[in-house]
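One structure is given below, encoded as structure tokens.
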Amino acid sequence: MSRYALFGQSVAKSPSPQIHTAFARQTGIPMEYVGIDVAPEALDAALDAFVAGGGRGANVTVPHKEAAFARCAQLSERARLAGAVNTLRLDEGQWYGDNTDGAGLVRDLTGRHGLDLRGRRTLLLGAGGAARGVAPALLDAGVRELVIVNRSPERADALADALGQPGRAHTRYWEDLADIGDFELVINATSAGRHGSAPLSLPFALCSDMTAAVDLNYGDVAIPFLAWARTARLRTIVDGLGMLVEQAAESFERWHGVRPQTDAVYAELRKGAPEPVAA
Ligand code: NDP
């Protein structure tokens with residue numbers, strides 16, 4: 001049986017083992033998938049031990065995505081653009097790295113939620129690993145303008161520079177949020193609210209009747225942003241659960257060459273999490 005794992009910190013409650021185990025059962029591929037908690041300074045040794053024990057591939061989450069990127073001998077184009085890797089595959093003894101977050105988000109929004117992203121003025125809150133993963137995919141999906149706002153402005157500038165489309169993707173300061181107009185798509189790619197930190201406080205001036213609000217977070221961490229969107233009476237409100245399943249399916253395909261069906265797995269996870277979409 002081939003071995004796969006999720007490397008991160010505090011991954012004990014991650015649904016990823018449940019998702020990949022369901023994909024393996026559905027496709028008849030024998031594999032084991034476990035969560036491995038590891039501190040940043042121990043990641044290299046943990047990956048080596050994993051390979052020595054038969055590990056063939058892995059997902060990588062906070063805070064290891066940039067370190068995993070640095071470990072790779074080969075990278076997909078989208079991982080290179082993101083500067084962050086969430087999927088590792090062992091190819092002839094060396095790590096190949098990919099980033100499936102952006103494809104996962106776009107597939108969830110367009111496929112599952114029926115959103116047409118083309119032409120949308122889009123606000124991306126955050127410039128960490130997740131924001132770096134989804135930004136190129138949003139541009140590829142045809143958003144008209146991508147405004148990146150991050151607590152630390154230099155990280156937003158670095159992301160906009162990496163995207164290399166100054167006419168379409170540019171930055172503003174957090175303090176400007178009340179005066180930058182409204183958006184057809186607002187995406188929360190921050191980890192605000194995690195580990196007891198204060199949730200985001202956002203102005204309603206960002207919203208119009210047409211705004212869709214998307215949080216990459218799910219579960220308790222997503223509650224404040226989804227509540228803000230509900231108070232603004234937005235019709236389309238999406239949390240990160242569907243993206244989680246879709247980015248996992250994309251990783252599974254990188255490892256096994258087979259794309260699993262995601263609807264049943266998503267429905268099972270949704271049973272344990274409140275439906276975020278207010279209609
Ligand atoms: P990182 O640690 O790489 O980045 C965190 C981001 O959040 C940074 O932009 C940081 O700003 C910002 N931030 C943190 N706290 C605050 C705050 N109090 N106010 C404003 N901004 C804040 O994390 P990731 O980018 O990898 O992940 C972000 C979130 O997305 C996580 O909660 C993660 O669980 C979720 N995620 C969900 C996925 C899914 O499949 N649904 C996939 C990937 C991520 P600064 O630069 O100033 O520190």
I'm told MET243 meets every condition in (1) surrounded by fewer than 18 Cβ atoms within 10 Å (Cβ to Cβ); (2) in a helix (DSSP H, G or I); (3) at pLDDT 95 or above except one. Can you identify the failing condition by its number? (1)
Note: among ALA213, ALA249, ALA227, ALA205, just one is at pLDDT 95 or above, in a helix (DSSP H, G or I) and crowded, with 17+ Cβ neighbours inside 10 Å, namely ALA249
Looking at segment 41-60, can you tell me whether even one residue there is open to solvent by less than 60 Å² (accessible area, probe 1.4 Å) and under 25 Å from LEU138 (Cβ atoms)? yes
Among (1) over 22 Å from ASN59 (Cα atoms); (2) within 19 Å of the chain's Cα centre (by Cα) - the single one SER251 does not satisfy: (1)
Pair list, Cβ < 7 Å and 6+ apart or interchain, from segment 158-171 residues that are in contact (Cβ under 8 Å) with a residue 40 or more places away in the chain to residues that are open to solvent by less than 40 Å² (accessible area, probe 1.4 Å): ALA162/GLY83; LEU163/ALA135; LEU163/PRO136; LEU163/LEU139; LEU163/ALA169
From the list ALA213, ALA249, ALA205, exactly one residue is farther than 15 Å from ILE19 by Cα and either within 16 Å of the ligand (Cβ to nearest atom) or free of Cβ contacts under 8 Å to residues at least 24 places away in the same chain (or both). Which is it? ALA213
Please find, among GLY257, GLY219, the residue that is open to solvent by 20 Å² or more (accessible area, probe 1.4 Å) and either polar (S, T, N, Q) or without any contact (Cβ under 8 Å) to a residue 12 or more places away in the chain (or both). GLY257
Checked segment 46-62 for anything within 16 Å of the ligand (Cβ to nearest atom) and either among the small types (Gly, Ala, Ser) or free of Cβ contacts under 8 Å to residues at least 60 places away in the same chain (or both); matches are ALA58, VAL60, THR61
Among the candidates PRO276, PRO199, residue that is outside any helix (DSSP H, G or I) and near the ligand (Cβ under 10 Å from one of its atoms): PRO199
Total residues in segment 3-40, condition open to solvent by less than 30 Å² (accessible area, probe 1.4 Å) and over 21 Å from the mean Cα position of the chain (by Cα): 2
If I filter segment 193-202 down to residues being touching a residue at least 12 places away in the same chain (Cβ under 8 Å) and within 20 Å of the chain's Cα centre (by Cα), which single residue comes out as least open to solvent (accessible area, probe 1.4 Å)? GLY193
I'd like the full set of residues that are surrounded by 21 or more Cβ atoms within 10 Å (Cβ to Cβ), part of a loop (DSSP other than H, G, I, E, B) and within 14 Å of the ligand (Cβ to nearest atom), limited to segment 164-192. ALA189, THR190
Limited to segment 144-163, what total is found for residues that are assigned to a helix (DSSP H, G or I), open to solvent by 70 Å² or more (accessible area, probe 1.4 Å) and either more than 9 Å from the ligand (Cβ to nearest atom) or of a type in the set (Ser, Thr, Tyr) (or both)? 1
One residue from ALA46, ALA68, ALA24 being more than 23 Å from GLU246 (Cα to Cα), in the same structural domain as TYR266 (by TED's automatic domain parsing), touching a strand residue (DSSP E or B) at 6+ places or on another chain (Cβ under 7 Å) and modelled with pLDDT of 95 or more: ALA46
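The values are calculated or read from the model by the stated rules, or taken from the named source; none is laboratory data. Computed from a predicted model, the values in this text were never measured in an experiment. Note that each Cβ is placed from the backbone with ideal geometry, even for glycine, and that neighbours are counted across all protein chains shown. Heads up: the accessible areas ignore ligands, DNA and RNA and are worked out on the full protein's heavy atoms, side chains in. Shrake-Rupley method; radii C 1.70, N 1.55, O 1.52, S 1.80 Å.
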